[in-house]
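This report concerns only the one structure given below.
The values are calculated or read from the model by the stated rules, or taken from the named source; none is laboratory data. Keep in mind the model is a prediction, meaning the values are calculated, not measured. Note that we place each Cβ from the backbone using ideal geometry, even for glycine, and neighbour counts take in every protein chain shown. Please note that ligands, DNA and RNA were not included when accessible areas were found on the heavy atoms of the full protein model with its side chains. Shrake-Rupley method; radii C 1.70, N 1.55, O 1.52, S 1.80 Å.
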Number of protein chains: 2
Amino acid sequence: MMRCAENPLLTVRDVKPSRPGLCVRGIFNCGACRFGDQILLVCRVAESAGDPRKEVAVPVMKRRGTGLRMELLRLLRSEHPELDFSDGRTVLRKSGARGVVCLTSFSHLRLARSSDGIRFKVDEQPMAFPETEEESWGMEDPRVTRIAGDYYICYTAVSARGPAVGLMRTRDFRRFERLGLIFAPENKDAAIFPARIGGLYYALNRPACPEFGAPQIWICKSPDLVSWGRQRPLFSGAGLGWGGLKVGGGAVPFLTEKGWVEFYHAADARSRYCLGAMLLDRDNPEKVLAWTKEPLLRPEAEYEKRGFFGSAVFTCGCVRDGDGVLLYYGAADDKICRADFSLDEIFRALRH
Amino acid sequence: MMRCAENPLLTVRDVKPSRPGLCVRGIFNCGACRFGDQILLVCRVAESAGDPRKEVAVPVMKRRGTGLRMELLRLLRSEHPELDFSDGRTVLRKSGARGVVCLTSFSHLRLARSSDGIRFKVDEQPMAFPETEEESWGMEDPRVTRIAGDYYICYTAVSARGPAVGLMRTRDFRRFERLGLIFAPENKDAAIFPARIGGLYYALNRPACPEFGAPQIWICKSPDLVSWGRQRPLFSGAGLGWGGLKVGGGAVPFLTEKGWVEFYHAADARSRYCLGAMLLDRDNPEKVLAWTKEPLLRPEAEYEKRGFFGSAVFTCGCVRDGDGVLLYYGAADDKICRADFSLDEIFRALRH
């Protein structure tokens with residue numbers, strides 16, 4: 001594995017706010033694909049307003065009349081002793097079961113383009129901005145899958161009802177068609193496999209049921225990419241020494257001679273996010289053939305350890321390149337970085 | 001509304017345990033349909049072992065070798081001060097986020113048959129018994145939908161991963177084909193509409209996201225009944241004075257001249273479950289046209305107020321009968337009852 005010498009490739013300084021009055025807090029967790037002779041990153045851009053040390057000032061979309069309008073939700077830290085601001089990403093109620101009050105930032109999707117896979121230019125305008133009630137708290141963590149000339153983008157659609165999975169489609173990265181929510185809350189980290197397998201499409205997803213145990217990676221099937229069924233648990237991470245707390249799908253899986261390779265994330269009890277890989281059967285991806293005992297990427301570089309949410313590496317996409325793979329990943333929830341792996345080293349690490 | 005004079009129609013005394021050593025704790029929450037000249041109820045039968053005053057002794061399916069085997073989980077109340085037995089339906093950890101330890105009973109599905117819709121005979125053997133890991137804590141709350149000669153049964157498949165929604169199909173109520181989980185956890189209370197609308201099938205379902213607010217009824221679409229997408233929130237119950245805490249779909253919706261009528265349940269802060277109705281647009285059931293301001297059925301009769309879980313009326317199915325509807329419902333989580341409504345009185349109550 002080689003971290004790119006130019007890391008971080010993108011930071012908040014490379015991004016223009018979507019609207020006056022907003023401040024970019026992070027560009028991270030990007031889907032990745034080749035498009036013509038370019039590499040495109042579909043980036044999550046997180047914004048908020050105000051001075052974060054004193055307040056949470058976060059845009060939310062509110063229904064007004066027949067449409068949705070952006071409003072700023074302001075919570076001065078000093079005025080809300082009943083609220084817990086300690087997580088950095090969410091504001092929680094200190095007591096009572098209904099915990100989440102709001103997020104601390106509002107994410108949309110933004111394109112970044114590159115000819116060499118290293119120097120990226122971020123579009124000035126959002127690629128997709130929240131416009132439905134199900135997206136009223138933001139759009140996060142996109143995964144891009146190319147199927148027969150179309151690009152399908154799964155993303156986390158967050159609202160006061162919780163995180164769900166939305167799907168959109170584009171052919172040209174200019175016009176985007178929203179295809180609705182494919183998974184109801186609570187679900188996130190969905191990625192569609194780039195080919196039919198045995199006549200059906202497959203997707204990873206990560207439903208959660210907090211009263212019942214740690215979240216796990218599930219897999220399901222579809223005839224048409226819009227409608228999904230046959231949900232099954234795939235991987236619990238229970239055997240991982242490094243991430244029993246939270247595990248979820250990462251990059252879109254890619255096919256190799258040995259099977260499908262999936263980069264996924266897992267977090268430990270101290271919310272340190274690392275990346276591992278697993279190998280799924282070529283003809284039946286419901287079958288996990290092997291996984292890496294140790295993480296393939298840990299937050300070790302300074303830019304991975306410090307940031308909006310420290311000690312986190314998190315991928316939503318990679319691009320094949322000869323005998324290797326270019327892994328794009330979010331570092332500390334505010335930067336985009338790249339690490340290159342050879343297939344050989346991935347296969348060697350896939351022991352279990 | 002007329003409660004059936006013969007209520008309760010079925011109680012634990014009418015049910016033979018599925019296996020030696022188990023005791024039937026309830027027969028309730030049944031799907032209902034006409035089949036030939038009979039009315040069939042697909043009942044939830046809950047069983048456990050031991051003396052419930054002293055212990056929770058509940059069967060669970062455990063993986064042993066290549067298959068699943070039933071084992072008895074025993075928790076003596078006196079030996080577990082760290083556990084909370086107060087709910088009656090579940091055992092919870094007193095501290096820590098991962099709350100549910102186990103259920104207190106293990107449910108399967110059992111058929112009851114009647115020629116007059118009042119006197120039912122319960123089959124001696126289960127109609128469907130948990131046989132997958134996703135059903136390892138039980139099968140609950142079935143809804144039966146007839147579509148073109150086939151009967152589709154949605155049920156809650158419970159496991160240590162939480163409640164999800166399974167689907168099975170039968171033509172003759174002898175052979176049953178499992179079609180997998182259509183909704184990942186946490187989801188329950190799913191019911192499929194009995195006809196295509198605008199070329200697609202529709203289903204109600206109730207995803208939950210406990211950290212984000214009260215559960216709501218959602219609606220989604222399918223081309224083939226097995227694969228579902230286009231999930232949207234339908235009804236929050238927020239305007240109901242009588243049940244803001246929990247709301248979920250009930251009986252399979254039926255079509256009337258005014259639109260689709262759906263009987264649903266809602267629970268208040270004291271976990272008192274009542275039934276209401278809503279009216280959905282005939283051509284676009286994502287549109288709620290009206291709902292009942294007051295419950296149509298409250299737990300008032302002695303058999304509704306006292307039982308395994310008191311003060312609960314809960315329906316999974318009804319049968320049309322001339323200008324009225326025969327509503328079958330679970331009473332206090334251990335009996336099956338019937339109440340008859342005329343369409344006129346339902347329409348009159350549908351004001352909002």
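On the basis of being at pLDDT 95 or above, facing chain B (nearest Cβ under 7 Å) and not in a strand (DSSP E or B), does A:Asp172 make the cut? So that I can check it myself, show each step before the final result.
Details: at pLDDT 95 or above: yes; facing chain B (nearest Cβ under 7 Å): no; not in a strand (DSSP E or B): yes.
Spelling it out, it is not the case that A:Asp172 is at pLDDT 95 or above, facing chain B (nearest Cβ under 7 Å) and not in a strand (DSSP E or B).
Between a residue in segment B:326-341 that is within 12 Å of B:Leu275 (Cα to Cα) and any residue that is polar (S, T, N, Q) and at pLDDT 95 or above, which pairs come within a Cβ distance under 7 Å, given they are 6 or more apart or on different chains?
Listed pairs, sorted by first residue: B:Leu327/B:Thr315; B:Tyr328/B:Thr315; B:Tyr329/B:Thr315; B:Gly330/B:Asn29.
For segment B:284-292, does any single residue satisfy the condition of being open to solvent by 60 Å² or more (accessible area, probe 1.4 Å), over 18 Å from the mean Cα position of the chain (by Cα) and of a type in the set (D, E, K, R)?
In the first step, residues of segment B:284-292 are kept if they are open to solvent by 60 Å² or more (accessible area, probe 1.4 Å); the result is B:287, B:289, B:291.
Narrowing the set further to residues that are over 18 Å from the mean Cα position of the chain (by Cα) leaves B:287, B:289, B:291.
Now narrow it down to the ones that are of a type in the set (D, E, K, R): B:287.
Yes: one or more hits.
Taking A:Gly250 as meeting all but one of (1) more than 9 Å from chain B (Cβ to nearest Cβ); (2) open to solvent by 40 Å² or more (accessible area, probe 1.4 Å); (3) in contact (Cβ under 8 Å) with a residue 40 or more places away in the chain, write down the number of the exception.
(2)
Can you pull out the residues in segment B:160-216 that are out of contact with any Gly (no Cβ under 6 Å at 6 or more places or on another chain) and among the β-branched types (Val, Ile, Thr)?
B:Val165, B:Thr170, B:Ile192, B:Ile197
Considering only residues that are in contact (Cβ under 8 Å) with a residue 24 or more places away in the chain, of a type outside the set (Asp, Glu) and out of contact with any strand residue (DSSP E or B) (no Cβ under 6 Å at 6 or more places or on another chain), which ones fall in segment B:1-17?
Within segment B:1-17, just B:Lys16 meets the criteria.
Here is a check on your reading of the model: is A:Gln216 more than 9 Å from every other protein chain (Cβ to nearest Cβ), among the polar types (S, T, N, Q), touching a residue at least 24 places away in the same chain (Cβ under 8 Å) and open to solvent by 20 Å² or more (accessible area, probe 1.4 Å)?
no
Could you tell me how many of the residues in segment A:22-54 are in contact with a Lys or Arg (Cβ under 7 Å, 6 or more places away or on another chain), surrounded by fewer than 20 Cβ atoms within 10 Å (Cβ to Cβ) and under 18 Å from A:Ala191 (Cα atoms)?
Count: 0.
Determine which member of the set A:Tyr328, A:Tyr303 is more than 12 Å from A:Glu262 (Cα to Cα), crowded, with 24+ Cβ neighbours inside 10 Å and among the hydroxyl-bearing types (Ser, Thr, Tyr).
Step by step, each of A:Tyr328, A:Tyr303 is checked, and only A:Tyr328 is more than 12 Å from A:Glu262 (Cα to Cα), crowded, with 24+ Cβ neighbours inside 10 Å and among the hydroxyl-bearing types (Ser, Thr, Tyr).
For A:Arg270, only one of the following conditions fails: (1) modelled with pLDDT of 95 or more; (2) closer than 27 Å to A:Trp137 by Cα. What is its number?
Here A:Arg270 meets the rest and fails (1).
Just to check your reading of the model, which residue among B:Ala190, B:Ala238, B:Ala266 is closer than 28 Å to B:Glu345 by Cβ and away from chain A (no Cβ under 14 Å)?
Checking each option against the conditions leaves just B:Ala266.
Between B:Gly166, B:Gly198, which is buried (at least 19 other Cβ atoms within 10 Å of the Cβ) and not aromatic (Phe, Trp, Tyr)?
From the options B:Gly166, B:Gly198, the qualifying one is B:Gly166.
Condition test on B:Arg143, is it more than 10 Å from every other protein chain (Cβ to nearest Cβ) and without any contact (Cβ under 8 Å) to a residue 24 or more places away in the chain?
no
Given (1) of a type outside the set (Phe, Trp, Tyr); (2) over 21 Å from A:Tyr155 (Cβ atoms); (3) open to solvent by less than 40 Å² (accessible area, probe 1.4 Å); (4) at pLDDT below 95, identify the lone condition not met by A:Thr66.
Unmet for A:Thr66, out of (1) of a type outside the set (Phe, Trp, Tyr); (2) over 21 Å from A:Tyr155 (Cβ atoms); (3) open to solvent by less than 40 Å² (accessible area, probe 1.4 Å); (4) at pLDDT below 95: (3).
So, in segment B:201-213, of the ones that are closer than 20 Å to B:Lys287 by Cα and within 19 Å of the chain's Cα centre (by Cα), which residue ends up surrounded by the most Cβ atoms within 10 Å (Cβ to Cβ)?
B:Pro207
Kindly establish whether B:Arg230 is more than 7 Å from every other protein chain (Cβ to nearest Cβ), open to solvent by 10 Å² or more (accessible area, probe 1.4 Å) and of a type in the set (Lys, Arg).
Here the answer is no, as B:Arg230 does not meet what is asked.
Restricting to segment A:1-44, what's the tally of residues that are within 20 Å of A:Leu327 (Cβ to Cβ) and not acidic (Asp, Glu)?
Residues that pass the stated criteria total 27.
Out of (1) hydroxyl-bearing (Ser, Thr, Tyr); (2) more than 29 Å from A:Pro215 (Cα to Cα); (3) away from chain A (no Cβ under 14 Å), the odd one out for B:Tyr201 is which?
So B:Tyr201 meets the others, but not (3).
Please enumerate the residues belonging to segment B:298-325 that are free of Cβ contacts under 8 Å to residues at least 60 places away in the same chain and outside any strand (DSSP E or B).
Matches in segment B:298-325: B:Arg298, B:Pro299, B:Glu300, B:Glu302, B:Glu304, B:Lys305, B:Arg306, B:Gly310, B:Ser311, B:Gly322, B:Asp323.
Only one of these conditions is not met by A:Gly239: (1) outside any strand (DSSP E or B); (2) more than 23 Å from B:Gly162 (Cβ to Cβ). Which number is it?
(2)
Results for (1) within 30 Å of A:Glu6 (Cβ to Cβ); (2) out of contact with any Ser or Thr (no Cβ under 8 Å at 6 or more places or on another chain); (3) within 14 Å of chain B (Cβ to nearest Cβ), shown as yes or no for each residue.
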| position | (1), (2), (3) |
| --- | --- |
| A:Ile118 | yes, yes, no |
| A:Glu124 | yes, yes, no |
| A:Glu131 | no, yes, no |
| A:Trp137 | no, no, yes |
| A:Tyr151 | yes, no, no |
| A:Gly166 | no, no, yes |
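Taking B:Ser86 as the residue in question, decide whether it is away from chain A (no Cβ under 14 Å), without any contact (Cβ under 8 Å) to a residue 12 or more places away in the chain and either polar (S, T, N, Q) or touching a His at 6+ places or on another chain (Cβ under 7 Å) (or both). If you could, list the steps in order and put the result at the bottom.
Numbers: away from chain A (no Cβ under 14 Å): yes; without any contact (Cβ under 8 Å) to a residue 12 or more places away in the chain: yes; either polar (S, T, N, Q) or touching a His at 6+ places or on another chain (Cβ under 7 Å) (or both): yes.
The answer is yes for B:Ser86.
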